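The values are calculated or read from the model by the stated rules, or taken from the named source; none is laboratory data. Predicted model, so just to flag it, every value in this text is computed and none were measured. Glycine also receives a Cβ, built like all others from the backbone with ideal geometry; neighbour counts cover every protein chain displayed. Ligands, DNA and RNA are excluded from the accessible area calculation, which covers all protein heavy atoms including side chains. Shrake-Rupley method; radii C 1.70, N 1.55, O 1.52, S 1.80 Å.
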Amino acid sequence: MSHPAPTQPVHLAKGTSLTPSGGQTAGMIRSNAIVDKCDGICASSMLAKPHTASAVHHHGAQDTVVYAVSGKGAVVSEGGTKRVELEPGDYALIPAFMEHQEVNDGDEEVVWTIVRSGRTPEVVNLSGWGGEPV
């Protein structure tokens, strides 16, 4: 074999078995999917109820990729001055330490798949744009 042997088997996280976990904001349901399985990556899902917004937060040293599964939502960043709209099939990159907020202004639920560059998701909620951790 020309490469090292895998260190673990393929891991399956059934969508029907995910349960809410981590830091929650009213109206936002975050659920871990593949977490604490390998050093460089983790995955979770986020469901945003209609007319909700997350707290302003960042993900520390973790880069984050968002994939829009359903609904139309937005990532607000740069002190609240920049808004990136996501529709089903869209991807967004949120760089490490980027303060942002997930927003669902619509009448439908928004579902996103989240992949981060760490073993477990890091969420640092802030008191506001440029604020202190809470």
Expected field for H100, accessible surface area in Å² at 1.4 Å probe radius, rounded to 10, holds 0 Å²
What's the FRET efficiency of Y91 with Q8 using the Cβ-Cβ distance as r and R₀ = 35 Å, to the nearest 0.05?
0.85
Bounding extents of the chain in its principal axis frame from Cα atoms, largest first in Å, are 52, 31, 24
Between K72 and I41, 0.36 nm times their residue separation minus their Cα-Cα distance comes to what?
8.6 nm
Taking r as the C-beta separation of R119 and H51 and R0 as 30 Å, the FRET efficiency to the nearest 0.05 is 0.35
